[in-house]
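A quick write-up on the structure given underneath.
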Amino acid sequence: MMRDTIAAVATGRNASGISIIRVSGQEAVSIADRVFVGKNGSHFLKNVPTHTVHYGKILSEDEVFLDEVLAIVMRSPKSYTAEDVVEIHCHGGITVTNMILEQILKAGARLAEPGEFTKRAFLNGRIDLSEAEAVMDVIDAGSKAAVRNSEKQLAGHLKQQILSLRETILHQTAFIESALDDPEHFDLTDYPAKLKDIADALLDQIRSLLKSADEGKLISEGIRAVILGKPNVGKSTFLNLLLGQQKAIVTDIAGTTRDILEERLTIRDIPFVIMDTAGIREAQDVVEKIGVDRAREAAADADLLLYLSDLTSEFDGADLQILSEYPDKKKIILLNKSDLDAAGSEQEVREKIRENCSGEEIPVLSISARNNVGIDAFRDLVEKMFFEGHLPSSDEFYITNLRHKEALMEAATSLEKVEESIRMDMPEDFYSIDLMDAYMSLGRIIGEQIEDDLVEEIFSKFCMGK
Amino acid sequence: MLNEEARKLAIANFLKIEGHREREIRDVVDLCVVGGGHAGCEAALAGARNGLATVMFTVSVDSIALMPCNPNVGGSSKGHLVRELDALGGEMGRNIDKTFIQSKMLNASKGPAVHSLRAQADKQAYTRSMRKVLENTDNLMIKQAEVCELITEDIPDAPKGHAGKRIIGVRIASGGVYLCRAVVLSTGTYLNARCLCGEMITHTGPNGLMAATHLTDSLRALGIEIVRFKTGTPARMDKRSLDFSKMQPQYGDERVVPFSFSTDPEAVQKEQVACYLTYTNEKTHEIIKANLDRSPIYAGIIEGTGPRYCPSIEDKVVKFADKERHQVFIEPEGLYTNEMYVGGMSSSLPEDVQLAMYRTVPGLENCRIVRNAYAIEYDCIKATQLHHTLAFKAVDGLYGAGQINGSSGYEEAAAQGLLAGINAAMYCLGKKPITIDRSEGYLGVLVDDLVTKETREPYRMMTSRAEYRLLLRQDNADLRLRQKGYEAGLVSERELAYVKEKQSIIDKEVERLSTTMVGAGAAIQEFLSSLDSAPLKTATSLAELISRPELSYESIAPIDPNRPEYVLKARPVYRLTGDENRGTVEAGEEKSKQTLPEDIIRQIDITVKYDGYIRRQKKQVEGFKKLENKLIDEDIDYQDIKNLRLEARQKLEALRPVSIGQASRISGVSPADISVLLIYMEQRRS
């Protein structure tokens, strides 16, 4: 069991009817008791049975009334964290919620780190790996490729750049070390000047990456939604509609979109990165085939699949086949061209999915991208999915971005130190100390560097209060 | 030493096993060391000096501490190993100090991390001197015999990865049995050895010595995996047939630094001999290329894998095809002999090709070969079957050291021999084993690489293998490892006290230098300009001045008038003259001086000058230690960890690493696998 008691706002930051403040730890009940007063002005939470709800109010230190609340007491081990937990349900509103949290912190709790509640649940053995779905997702991401920083959030080109930066650094280190061990065959004459140029180039690249980090472009900062479907069902039209402008080229010719078009936009203030992809079919030529492969890759990395089909033709085996390739993805099926003569209906599609997609619940919507019909219903649906927690929240993006930025800055500092060593005429073997530091810092971005505080890191990816 | 009760118990245990007879027993001891090479000597001394009854077996008493290849000790990174071994209480450093004929600090123009000592040895003197030490060490017996079999008893409830066996003795070729509690295997290149010189193949060990042909089977019977390695040596030539006027002479240092921390530096300043440098040329390479089909390696006769970093001349010509020439070092084998070693040109080509090829080299045109170059093939074990203590995982009381573990080189062997000997002794004494990690010494890097990475060729120590080499300098091996040597029972109180005092003086002096300020007054500016150093802009600390490349602790003495007087205890010194047979360490001359000795001044300079780098490297070590200190439970079941990839699971299961750090260095285990493992452990623990 952990010693200290933590507290945080467990509900989202958005304005809502109710906010919940969660307190967990040995002192949870007595801390809550200090700030919570019953109807008759008494402090009684300490004495209540577990899993009971109590009405009362929160007063500030100088006895000013803050809010009327409900307090739920859940004693160890039957609680989210397996510790003593008190949840205080107050009336929403950021100011009031924050003031209550502040009172609880003043009463002796510590502000929870992101994900710390889940971490405690995990470490206290309340949830195990197979049960903790969120943990599993992270681990799966890890086993498949490169773990912790959720590589999939990295824009593809960033990973390539980091890999090539690392390769250059490793190559130089290897050269220096070969020369130390085999001076007969590896000559270091004039090498420092050469390394200076290489370090300059590396620094330029890292600095430009840092600049993109500041602009928020390092990671796809938003929910990655991929528009997928057979050719010529109106995917590009749909994207243009969401964007409100003509970005994607739209023709009647199937297979017009060959590469991925990536656009940022917000839907009801939720940030999205939407990708328009090539229609999936047995490709006719090489270029189109590459487009199709890329579409599949993008879909595999997506947070949400927007599957577009065309009501004028039948929702057939090919559609079901594509959908079945991504069984674990959140999906929305959009039946386009509802303005034209329909060959099928929403109802039929729902039934086909029920029969073929092993009971998966996939929302189905009819739209007309051309006539802007059904788009609001689509927006409603997306917003609902977000608030029900089916889609990742922006906290995660923010944290990942910050971490990458830190690592890049460290790498830059190390390379500057290499240049300083060159300037100071240090012997070559000194260069490799800082080169290796730079190498390791960059490795953290792509998960190639093992860190001992992994568990911390994993749980830090969860939002505050979770 | 065993008491009567322990003897009786050992005999009773031996006789309990069916077929064993009392008349087979020759002796009952604590420790048996199999092999009397550089590893065996260190292991036997470590055991005997810890008071254990020790027998060292060798196929030939005349070949104890033999140098069958190059006539030198040390060299890049190997020199570090010798200094570490010395700090731990080993013998090799002291022995080379007594018998060297030339000494040189390599890479002196580079950073202090890569400075490395190398000394040319008088081979005969080296061998004789080591034998004298062994013969005069209490509790140590030498026995000329081939060890054929390891005798074990079963132990119940053996843990995972253990064969459930414990060593109780060894059997020699005569059938005789030496009962013991621990065995160190240091068989060098003798197991099923085969020497190849072109088409001529002899089933012998190095230098025509008898091979050991039985022990491999006994190891296999215990379930130990055997591999086959190869190494080689160049020709030896008659000095009178060489023309040294066509070569560049290579001299030793004017001021020699001893290998041993307990050798009086004044005692090693002596007359030195020269080595010579010459080069191969296109003609040499042509002859080699034209006869590659007669090389046993290229003809496929040799099965063993050779060392990439100590290649034969055939390998060099093939691998560096665009190189016009390769270095050849002509080095004396000793003061007593005319034989010269031809460094850089080891070969397994036939005699006639060797002669033709050597004779193309300037200065060797009329060379007469005394001993041909040859390659040697031998059995060794997969060292991943060992713990970091060099104990076998599968058999209690069994240790491996040197070439049997897949290493190459005298220094690598000696360092392992010392560690294996220490741990065999600790095992017999019921004490905690000694281990050294990658941040503590080259020896730690060597052992960790051997037991963690699957070495597919003879392992040679190299500077680049040590990640934290700025901290692992040859000049501070005593500061790093004396304490461990003391715990291992091989370093005296006196030596330990000296090192502690040395460290405390360094710390105090560095602290004083970083807090003592000098102002930018006229006298100071004048002084700096007299040393071609830039004038001061503001007041600065003495340490900052020392960190300027052109200044040093000694050179700024005039502007540091208040240097404290340190009263030093005398350095404990190993006497080179008189009765040094026992290899004991006596107190040196009592002297109390104001000025600090050169080794302490050197430490101060390095600590101050490279402060920033040292600090960054220490930070890297912190990260490393965190992973090393995350220990994996011994009874962990890798089958139980569902998210682990199959390859990682197999590798982890086979090696059973002690820590997350070690697990992360296994090839085929990815960072993602480590994450899975970490999470599994974290949860299992709470």
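Read-outs throughout are calculated quantities, based only on the coordinates presented, and are distinct from any laboratory measurement. Note that the structure is a prediction, hence the values are computed from the model and not measured. Methodologically, a virtual Cβ is constructed for each residue, glycine included, from the backbone with ideal geometry; neighbour enumeration extends over all protein chains shown.
Please list, in order along the range B:340-354, the HN-Hα scalar couplings obtained from phi with the Karplus expression 6.51 cos²θ - 1.76 cosθ + 1.60 (θ = phi - 60°), rounded to whole Hz, x for Gly and Pro.
10, 8, 9, x, x, 10, 6, 6, 10, 5, x, 3, 5, 5, 4
Tell me the net charge near residue A:108. Cut-off is 10 Å between Cβ atoms, residue A:108 excluded, with +1 for each Lys or Arg and -1 for each Asp or Glu. Spell out each step's value before the answer.
Working: positive: A:34, A:106, A:110; negative: A:4, A:27.
Neighbourhood net charge equals +1.
Could you state the number of Å between the C-alpha centres of the range B:641-657 and the range B:79-147?
After rounding, the separation between the Cα centres reads 41 Å.
Let me make sure I get this right: for the range B:98-181, a, b and c are the square roots of the gyration tensor eigenvalues over alpha carbons, sorted descending. Under 1.5 in a/c it's rounded, otherwise prolate if a/b > b/c, else oblate. Which is it? Write down the numbers at each step before the final one.
Values: a/c = 3.87, a/b = 1.72, b/c = 2.25.
Verdict is oblate for the range B:98-181.
How many lysine pairs in the range B:81-210, separated by 8 or more positions in sequence or lying on different chains, have Cα atoms less than 20 Å apart?
Values: B:98/B:123; B:98/B:132; B:104/B:123; B:123/B:132; B:132/B:143.
Close lysine pairs under the 20 Å cut-off: 5.
Compute the Cα gyration tensor for the range A:1-104, then decide on rounded, prolate or oblate, letting a ≥ b ≥ c be the square roots of its eigenvalues: rounded whenever a/c is under 1.5, prolate when a/b is larger than b/c in the other cases, and oblate in all that remain. If you can, show how the numbers build up before the last one.
Numbers: a/c = 1.63, a/b = 1.20, b/c = 1.36.
Oblate.
With the dipole of the protein assembly as shown worked out from charges on the C-beta (+1 for Lys and Arg, -1 for Asp and Glu) around the Cα centre, which of B:420, B:142, A:193 lies farthest toward the positive end?
B:142
Between the range B:1-48 and the range A:43-60, what is the C-alpha centre distance in whole Å?
75
Please give the charge dipole size of the protein assembly as shown, origin at the Cα centre, charges +1 on K and R Cβ atoms and -1 on D and E Cβ atoms. Round to the nearest 20 debye.
Values: 142 positive and 175 negative charges, 412 e Å.
Computed about the Cα centre, the dipole is about 1980 debye.
So how do B:502, B:270 line up by other beta-carbon neighbours within 10 Å, fewest first? Show your work: numbers first, answer last.
Values: B:502 23, B:270 12.
Arranged by neighbour count, lowest to highest, B:502, B:270 become B:270, B:502.
For the range B:474-541 and the range A:75-112, compute the distance between their C-alpha centroids and round to whole Å.
54
Measuring from label point to label point, each 7 Å out along Cα→Cβ, what is the residue A:343 to residue B:633 span in nm?
Label-label distance for residue A:343 and residue B:633, simple model: 6.0 nm.
Within the set A:159/B:619; B:432/B:484; B:289/B:319; A:119/B:630; A:329/B:651, which residue pairs have Cα atoms separated by over 22 Å?
On the way: A:159/B:619 27 Å; B:432/B:484 12 Å; B:289/B:319 12 Å; A:119/B:630 19 Å; A:329/B:651 33 Å.
Too far apart for the 22 Å limit: A:159/B:619; A:329/B:651.
Rounded, prolate or oblate, given the Cα gyration tensor of the range B:369-474, with a/c below 1.5 counting as rounded? Write out the running numbers ahead of the final one.
Numbers: a/c = 1.83, a/b = 1.24, b/c = 1.47.
Verdict is oblate for the range B:369-474.
What is the magnitude of the charge dipole of the range B:386-496 about its Cα centre, with +1 placed on the Cβ of each Lys and Arg, -1 on the Cβ of each Asp and Glu, and no other charges, expressed in debye to the nearest 20? The partial results should precede the final answer.
Working: 14 positive and 15 negative charges, 19 e Å.
In total the dipole reaches around 80 debye.
Would you mind finding the longest exposed-site-free stretch of chain B, with exposed chymotrypsin sites (Phe, Trp or Tyr not before Pro) meaning DSSP loop and at most 11 other Cβ atoms within 10 Å?
Values: sites that count: B:251, B:336.
The reported range is B:337-686.
Among A:123, B:117, which comes first, second and so on when ranked by fewest other beta-carbon atoms within 10 Å? Walk me through the numbers on the way to the answer.
Numbers: A:123 20, B:117 27.
Sorted ascending by nearby Cβ count, the order is A:123, B:117.
Fewest to most neighbouring Cβ within 10 Å: what's the order for A:357, B:310? Walk me through the intermediate numbers first.
Numbers: A:357 15, B:310 18.
Taking fewest neighbouring Cβ atoms as first place, the list is A:357, B:310.
How far, in nm, would the chain grow between residue A:285 and residue A:413 when pulled straight, counting 0.36 nm per residue and subtracting the alpha carbon separation? Please list the in-between numbers first.
Values: separation 128, 0.36 × 128 = 46.08 nm, distance 4.74 nm.
Roughly 41.3 nm would be gained on extension.
Quick check: pseudo-label points 7 Å beyond the Cα along Cα→Cβ at residue A:388 and residue A:70, how many nm apart are they?
2.2
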